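Just below is one structure, and these are the notes that go with it.
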Amino acid sequence: MLNLLARLKALNVLTDADFYFAKLIDEKQQGMAYDAAQQALAVLLAALVHTAHLQGNTCLFLDQDLERNPFGLAYRTVSEERDYLLEIKQKINFLPVEKWQSALAEHMAFTGTPQQQARPFVFQHNALYLYRVWQDEQTVADYLKSAVKKNDVFLAHDAEDANNCRQTMESRNPPFFVPVEKARNLLSRFFAEKKPETDWQKIAVATALIQPFTLISGGPGTGKTYSVARLVATIQTLQYEQHLPPLRIRLAAPTGKAAARLKESLEASLVRLDLPPAVRETISAESDTLHRLLGVRPFEDSVRFDVYNPLPLDMLIVDEASMIDLSMMAKLLRALPSHARLILLGDKDQLASVEAGAILGEIGQFLRYDYSPEFAALLHELTGERINGSSNYHNLRHHLAFLTRSTRFNLDSSVGKLAAAINNMQAKESWRLLKDSSDIPLAEFVAPSNEVNARQAYRHRYLRQLLQSAVENYQDYLKLIPKDNMPTAAQLRQIFRAFNSVRILTALRAGEFGVENLNRQIAEALRQKELVRFKHSRDWFVGKPIMVTQNDNNVKLFNGDIGLYLGDNRVYFETGDGYKSVSVNRIPAHETAFAMTIHKSQGSEFEHTIVVLPPDYSPILSKELLYTAVTRAKPRLSVFASEEIWLTAVKKPIKRQSGLGILLGKVDEQIENTSN
Ligand SMILES: Nc1ncnc2c1ncn2[C@@H]1O[C@H](COP(=O)(O)OP(=O)(O)OP(=O)(O)O)[C@@H](O)[C@H]1O
């Protein structure tokens, strides 16, 4: 089997890392009394599960699809002479997938009882995991199950209740309980505007007030930060009014840029709340990256805060949670003290993390359930909002809030409608919207026949038109850069405003329409128009935009930060309240940023977003990718696409294999069992 895998590696069906991982397993099993088919199966599964993990899956479902189509071999011709699929089947003696687990029951590298035996590979609920990934998924599932089970809601309806709560919570420092009437009054004050429809923001805050874990999901501008400002204000006001110490509330986000945005937007929301100074001074909008919060040691997998040394906090609020991968989420949950509350903010419909896991999407699925009548009544008591409960409820639903009304783009605007159609996978409708909306310029490319020369000419035309658009859109900020002197603060403001107003987003990293080539081509096109000057586009040239790709605490630059080289060996960056310049020698790893990938654009918005889809099919295209791209537009959007590629992308949701949904699906069942 290993020789066969080596051949498939040479044909780029699997990566070097997949192969060497399988090779390691093969070396370890030498000398053991396994027959040839068992050995072949162990090596095959090692390569398959590793490939699946690199593609973002937390596990590999052992089903007919996998049996029929390992490594996607059923859908591709990798060789005219050899039938690799058949050879794989021969090597494992045509063993059907249902028997794979039992065939490896005695194998030293596999276990079906990971709670008792730690082995590299874990069989669970008809799926195969890498042990570490299985552990992480268990951590997340266990946390959510216990959050759902926890009867930790201390509500006080009168003075006697309040006294009881105080006594019960005496050992807790600081104690926290919710005096219902006071909380109701505060919520009415902070959400004073009477709305004709249900106020889901108010309900989100009430939920987070009483639950140990809450996910507040919503698209861009739906008021997630607005709600969090009111949550924090409600909690600290309640503590203050009851002469209790303030809760230690910390804020974090997966990237430095997202943390800075959270701080800025929370501060703006808090200012408008007009809180008494004694309460205001208990609230900090300081936000950390998750790496910094947890004390992740660079180049190691270890962290400063963990289950033995929990984070010193009572409540943690994490923004842009869709970007958190499974491994980071597990680290976070292990470091969370058992009494602490966790609030995740994010958009469940956006792209999932680059690394394995799609946690927000999976938890978000429970939104399809209703509230129980009791929980609906409790929310009504706190908010005065009419909410329906039903017997089709799920306890996890009581931890979810979903905000839909965006103040940033009107749902009836073209971009709003387009985003909704993409999200609902209405491919034809979304294309119709694109073609008919006068305010979304569409550069439509009509693909010619498959004749090689015709396709080349087509790609060439596509690229030329895109470069023309790049020159038109980027010339404004370049013309604002002073020629002979360093920019003043006022000039910096103008330059950054013009630069930030437009961005080209592309789906791919590599290839002709990938971000690397587009950046080179755009720089060259700008040089030809004498808007920039360089010998090689790799060099620092005045006007060059860069995106930092590595965190560097020393210079306070973080993955995703965007800067402009403006001469004199200095790159300028925006800091919430001004600008800073950093010498080129101290800039951490970075790439040019005329164009950026849609993945990297998560958490950013641009007045004018130009979305470029490749002219040919790529497996990376998905409806989540398009949704993320078009919701960056605030509010102007332009699109370069062919109908065929657009339709294919909208029709393809990302399907990541993971056992979290299965584990969480049992939440209610387990509660019933324990309460019986
Ligand atoms: N109920 C409301 N009444 C008035 N203004 C609101 C309301 N909700 C949100 N806003 C305003 O809408 C804007 C966007 O809100 P906010 O930044 O909280 O959204 P968000 O969901 O956190 O956005 P993002 O996706 O960018 O993180 C802010 O200016 C906020 O003050």
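Just one of the numbered conditions (1) closer than 25 Å to SER501 by Cβ; (2) without any contact (Cβ under 8 Å) to a residue 40 or more places away in the chain is not true of ASN569; which one?
Of (1) closer than 25 Å to SER501 by Cβ; (2) without any contact (Cβ under 8 Å) to a residue 40 or more places away in the chain, only one is false for ASN569: (1).
Can you work out which of the residues in the stretch 590-617 that are touching a helix residue (DSSP H, G or I) at 6+ places or on another chain (Cβ under 6 Å) and among the small types (Gly, Ala, Ser) is nearest to LEU557 (Cα to Cα)?
Going through the qualifying residues, I end up with GLY603.
Which residues, counting only those in the stretch 167-190, are more than 15 Å from the ligand (Cβ to nearest atom) and surrounded by fewer than 16 Cβ atoms within 10 Å (Cβ to Cβ)? Even if it seems obvious, please write down each step before you answer.
From the stretch 167-190, those more than 15 Å from the ligand (Cβ to nearest atom) are 167-186; that's our starting set.
Hits for the stretch 167-190 are GLN167, THR168, GLU170, SER171, ARG172, ASN173, PRO174, GLU181, ASN185.
Looking only at the stretch 225-251, count how many residues are away from the ligand (no atom under 14 Å from the Cβ), in contact (Cβ under 8 Å) with a residue 12 or more places away in the chain and not acidic (Asp, Glu).
At the first step, the residues of the stretch 225-251 found to be away from the ligand (no atom under 14 Å from the Cβ) are 234-250.
Remaining after also requiring in contact (Cβ under 8 Å) with a residue 12 or more places away in the chain: 234-242, 244-250.
Applying the additional criterion that residues be not acidic (Asp, Glu) yields 234-240, 242, 244-250.
Selection size over the stretch 225-251: 15.
Give the residue that is surrounded by the fewest Cβ atoms within 10 Å (Cβ to Cβ), with candidates limited to residues of the stretch 201-211 that are more than 10 Å from the ligand (Cβ to nearest atom) and assigned to a helix (DSSP H, G or I). Outline the logic, then answer.
Here is the first cut: in the stretch 201-211, the ones more than 10 Å from the ligand (Cβ to nearest atom) are 203-211.
Subset that is assigned to a helix (DSSP H, G or I): 203-210.
Values: ILE203: 24, ALA204: 30, VAL205: 31, ALA206: 29, THR207: 27, ALA208: 27, LEU209: 23, ILE210: 21.
Top of the filtered list is ILE210.
Which numbered condition in (1) within 16 Å of the ligand (Cβ to nearest atom); (2) in contact (Cβ under 8 Å) with a residue 60 or more places away in the chain is the only one that GLU193 fails?
(2)
Considering ASP274, ASP301, which residue is within 16 Å of the ligand (Cβ to nearest atom), more than 23 Å from GLY578 (Cα to Cα) and modelled with pLDDT under 90?
On the way: ASP301 fails: within 16 Å of the ligand (Cβ to nearest atom).
Just a single option satisfies the conditions, and that option is ASP274.
The conditions are (1) closer than 22 Å to ALA192 by Cα; (2) within 16 Å of the ligand (Cβ to nearest atom), and ALA285 fails exactly one of them. Which is it?
All conditions pass for ALA285, except number (1).
Could you tell me which of the residues THR214, THR222 is of a type in the set (Ser, Thr, Tyr), within 19 Å of PHE366 (Cβ to Cβ) and either more than 10 Å from the ligand (Cβ to nearest atom) or modelled with pLDDT of 90 or more (or both)?
Values: THR222 fails: either more than 10 Å from the ligand (Cβ to nearest atom) or modelled with pLDDT of 90 or more (or both).
The conditions single out THR214.
Got a sec? Which of LEU316, LEU345 is buried (at least 21 other Cβ atoms within 10 Å of the Cβ), under 11 Å from the mean Cα position of the chain (by Cα), at pLDDT 90 or above and in a strand (DSSP E or B)? Reasoning before the result, please.
Numbers: LEU316 fails: under 11 Å from the mean Cα position of the chain (by Cα).
One residue alone meets the criteria, LEU345.
Would the stretch 308-325 turn up any residue that is under 15 Å from LEU144 (Cβ atoms), in contact with an Asp or Glu (Cβ under 8 Å, 6 or more places away or on another chain) and more than 16 Å from the ligand (Cβ to nearest atom)?
The answer is no; no qualifying residue exists.
Taking into account only those residues within the stretch 568-610 that are of a type in the set (S, T, N, Q), at negative phi and assigned to a loop (DSSP other than H, G, I, E, B), which is farthest from the ligand (Cβ to nearest atom)? Don't jump to the end; show me each part of the working.
Taking the stretch 568-610 and keeping what is of a type in the set (S, T, N, Q), we get 569, 575, 581, 583, 585, 592, 597, 601-602, 604, 609.
With the extra rule that they be at negative phi, the set shrinks to 575, 581, 583, 585, 592, 597, 601-602, 604, 609.
Subset that is assigned to a loop (DSSP other than H, G, I, E, B): 601-602, 604.
On the way: SER601: 13, GLN602: 10, SER604: 9 Å.
Selected residue: SER601.
For the stretch 362-406, how many residues meet the condition of being assigned to a helix (DSSP H, G or I) and within 16 Å of the ligand (Cβ to nearest atom)?
Restricting attention to the stretch 362-406, the residues satisfying the condition of being assigned to a helix (DSSP H, G or I) are 362-368, 373-383, 395-399.
Remaining after also requiring within 16 Å of the ligand (Cβ to nearest atom): 364, 383.
Counting residues in the stretch 362-406 that are assigned to a helix (DSSP H, G or I) and within 16 Å of the ligand (Cβ to nearest atom) gives 2.
Considering only the stretch 4-20, how many residues are outside any loop (DSSP other than H, G, I, E, B), closer than 15 Å to LEU45 by Cα and of a type in the set (A, V, I, L, M)?
5
Return a yes/no flag: does the stretch 3-13 have any residue that is more than 30 Å from LEU621 (Cβ to Cβ), under 35 Å from the mean Cα position of the chain (by Cα) and of a type outside the set (Phe, Trp, Tyr).
Step one: filter the stretch 3-13 for residues more than 30 Å from LEU621 (Cβ to Cβ), giving 3-4, 6.
From what's left, under 35 Å from the mean Cα position of the chain (by Cα): 6.
From what's left, of a type outside the set (Phe, Trp, Tyr): 6.
Yes, the conditions are met somewhere in the stretch 3-13.
What pairs can you find where one residue is in the stretch 472-495 and surrounded by 15 or more Cβ atoms within 10 Å (Cβ to Cβ), the other is part of a helix (DSSP H, G or I) and small (Gly, Ala, Ser), and their Cβ atoms are less than 6 Å apart, with a gap of 6+ or different chains?
Within 6 Å, the pairs are ASP476/ALA498; TYR477/ALA498; LEU480/ALA498.
Hey, any hits in the stretch 111-119 for a residue that's in a helix (DSSP H, G or I), surrounded by fewer than 21 Cβ atoms within 10 Å (Cβ to Cβ) and away from the ligand (no atom under 16 Å from the Cβ)? Give the derivation first.
The initial filter retains those residues of the stretch 111-119 that are in a helix (DSSP H, G or I), namely none.
No, the stretch 111-119 contains no residue that is in a helix (DSSP H, G or I), surrounded by fewer than 21 Cβ atoms within 10 Å (Cβ to Cβ) and away from the ligand (no atom under 16 Å from the Cβ).
The values are calculated or read from the model by the stated rules, or taken from the named source; none is laboratory data. Note that the coordinates shown come from a computational prediction; the quantities given were computed from them, not determined experimentally. Here the Cβ is made from the backbone with ideal geometry for all residues, glycine too, and neighbour counts use every protein chain on show.
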